[in-house]
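A.B. asks: Provided herewith is a single structure, encoded as structure tokens, for subsequent inquiry.
The values are calculated or read from the model by the stated rules, or taken from the named source; none is laboratory data. All of these numbers come straight from a predicted model, not from anything done at the bench. Because the Cβ atoms are built from the backbone with ideal geometry, glycine has one as well, and the counts that use them run over all protein chains shown. When the accessible area is computed, the model is the full protein with side chains, heavy atoms only, and any ligands, DNA or RNA have been set aside. Shrake-Rupley method; radii C 1.70, N 1.55, O 1.52, S 1.80 Å.
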Amino acid sequence: MTDQRFPHRHLLGIQGLGPQEITAILDLADGYVDQNRSIDKRKSLLRGRTLVNLFFENSTRTRTSFELAGKRLGADVINMQTQASSVAKGETLIDTAMTLNAMHLDALVVRHPDSGAVKLLSEKVNCAVINGGDGSHEHPTQALLDALTIRRHKGRLAGLTVAICGDVVHSRVARSNIYLLNTMGAQVRLIGPKTLMPTAVDRMGVDVYHDMRKGLDGVDVVMMLRIQNERMKGNFIPSIREYFHFFGLDREKLAMAKPDAVIMHPGPMNRGVEIDSDVADDVERSLIREQVEMGVAVRMACLDLLTRNIPNQVAV
Ligand code: ASP
């Protein structure tokens, strides 16, 4: 499929993508990993194309890696600081989108604190829109980079057992990973306190554990999540200390997983809250830095595939 067109104009979520489409993105990204490890990292595939990063929420990895991805493919990349834009003067999301649209962009990466905001925006513009994370809804490129990281280490996704641990209810990373891993035939376990589980968890095709040791028993992958304080209204956990005691990943709890189980975290990490430095920095088991590397390659693959659908002549 990598020679063909990607049958979607936008990448708004993993939900709705089939196994072949996911595999095509991962296969293409594998090639970009090699390119990124070579001296000559630049291609001219997107020469003449314009990519705008529009981030209404903070970001380190996603924004930087989309910028690098666009530049390595030869596109012009603009990063919009919403605090320094007219959004800060009260311009609505739609008006901002219409303004950007008038500048003939080819691709727009949007991060927004509200679930559904990126989809709304995608309906108003002509360019390809990529969801860089919308509220607690989806973060598709994170799930894709996680899948690429796992596949390169385990050789497959189907048949693996993946534990996603922590603040699931507020996590777009968890939601996108659940869709992707289910679609690709992996078994998903969610581990966390009841207060941090979505209400519809029984309809998500996952197994739920409130005891971390039991949940980690025999898993192939341990994926930790950050406590999303910025999305919490009220108290969801009694104290950080107690949370770490029951749900923080440390050497002792990790011992329940398979001996070759790998550790992942989308970042930013809160050391001593959801993960102990001892395991986060374990070079034998932790793939956290590699996830960042895979992020650039996956985002290059997404830009490559989505821009194949954009006509060369834009209607005025
Ligand atoms: N960076 C990820 C996100 O934007 C995870 C996190 O912030 O905890 O969703």
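A.B. asks: For the range 51-73, which residues satisfy the criterion of being under 16 Å from VAL298 (Cα atoms) and away from the ligand (no atom under 15 Å from the Cβ)?
C.D. replies: LEU51, GLU67, LEU68, ALA69, GLY70, LYS71, ARG72, LEU73
A.B. asks: Quick check: is even one residue across the range 77-94 part of a helix (DSSP H, G or I), open to solvent by less than 60 Å² (accessible area, probe 1.4 Å) and within 16 Å of the ligand (Cβ to nearest atom)? Lay out the reasoning, then the answer.
C.D. replies: Quick first cut of the range 77-94, residues part of a helix (DSSP H, G or I) only: 82-84, 86-89, 93-94.
Still in the list and also open to solvent by less than 60 Å² (accessible area, probe 1.4 Å): 82, 86-87, 93-94.
Cutting the leftovers down to within 16 Å of the ligand (Cβ to nearest atom) gives us 82.
So far as the range 77-94 goes, yes, one or more of its residues are part of a helix (DSSP H, G or I), open to solvent by less than 60 Å² (accessible area, probe 1.4 Å) and within 16 Å of the ligand (Cβ to nearest atom).
A.B. asks: Next up: Report the residue count in the range 119-140 for those that are within 13 Å of the ligand (Cβ to nearest atom) and open to solvent by less than 60 Å² (accessible area, probe 1.4 Å).
C.D. replies: Step one: list which residues in the range 119-140 are within 13 Å of the ligand (Cβ to nearest atom), which gives 131-140.
If we keep only those that are open to solvent by less than 60 Å² (accessible area, probe 1.4 Å) too, we end up with 131-136, 138-140.
The total comes to 9.
A.B. asks: For the range 246-265, enumerate the residues that are open to solvent by less than 20 Å² (accessible area, probe 1.4 Å) and in a loop (DSSP other than H, G, I, E, B).
C.D. replies: GLY248, ALA257, ALA261, HIS265
Each row is one residue, and each column tells you yes or no for (1) aromatic (Phe, Trp, Tyr); (2) open to solvent by 70 Å² or more (accessible area, probe 1.4 Å).
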| position | (1), (2) |
| --- | --- |
| GLN15 | no, yes |
| GLY18 | no, no |
| ILE25 | no, no |
| LEU51 | no, no |
| PHE55 | yes, no |
| ALA75 | no, no |
| ALA97 | no, no |
| VAL109 | no, no |
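A.B. asks: Would a scan of the range 33-46 turn up a residue that is small (Gly, Ala, Ser) and closer than 17 Å to VAL296 by Cα?
C.D. replies: So the first thing to find is which residues in the range 33-46 are small (Gly, Ala, Ser), and the list is 38, 44.
Narrowing further to those that are closer than 17 Å to VAL296 by Cα: 38, 44.
Among the residues of the range 33-46, at least one is small (Gly, Ala, Ser) and closer than 17 Å to VAL296 by Cα, which makes the answer yes.
A.B. asks: Of the residues in the range 228-245, how many are at pLDDT 95 or above and either within 16 Å of the ligand (Cβ to nearest atom) or open to solvent by less than 10 Å² (accessible area, probe 1.4 Å) (or both)?
C.D. replies: 1
A.B. asks: Take THR199 and decide whether it is of a type outside the set (D, E, K, R), open to solvent by 60 Å² or more (accessible area, probe 1.4 Å) and under 29 Å from ASP114 (Cβ atoms). Outline the logic, then answer.
C.D. replies: Numbers: of a type outside the set (D, E, K, R): yes; open to solvent by 60 Å² or more (accessible area, probe 1.4 Å): yes; under 29 Å from ASP114 (Cβ atoms): yes.
Here the answer is yes, as THR199 does meet what is asked.
A.B. asks: Moving on. Quick check on my filter: what residues within the range 158-181 are assigned to a loop (DSSP other than H, G, I, E, B), away from the ligand (no atom under 12 Å from the Cβ) and open to solvent by less than 10 Å² (accessible area, probe 1.4 Å)?
C.D. replies: First pass over the range 158-181, keeping only residues assigned to a loop (DSSP other than H, G, I, E, B): 158-160, 166-171.
Checking the rest, the ones that are also away from the ligand (no atom under 12 Å from the Cβ) come to 158-160, 169.
If the condition is that a residue be assigned to a loop (DSSP other than H, G, I, E, B), away from the ligand (no atom under 12 Å from the Cβ) and open to solvent by less than 10 Å² (accessible area, probe 1.4 Å), then LEU160 is the only one that fits.
A.B. asks: Another question, if that's okay. Determine whether the range 287-305 contains at least one residue that is more than 24 Å from GLU57 (Cα to Cα) and without any contact (Cβ under 8 Å) to a residue 40 or more places away in the chain. Show your work before the answer.
C.D. replies: So in the range 287-305, the residues more than 24 Å from GLU57 (Cα to Cα) come out as 287, 304-305.
In the following step, the residues that additionally are without any contact (Cβ under 8 Å) to a residue 40 or more places away in the chain were identified as none.
No.
A.B. asks: From the list VAL208, VAL188, VAL273, VAL219, which residue is within 22 Å of the chain's Cα centre (by Cα), assigned to a loop (DSSP other than H, G, I, E, B), of a type in the set (Val, Ile, Thr) and away from the ligand (no atom under 15 Å from the Cβ)? Quick ask: steps written out before the conclusion?
C.D. replies: Numbers: VAL208 fails: assigned to a loop (DSSP other than H, G, I, E, B); VAL188 fails: assigned to a loop (DSSP other than H, G, I, E, B); VAL273 fails: away from the ligand (no atom under 15 Å from the Cβ).
Answer to the check: VAL219.
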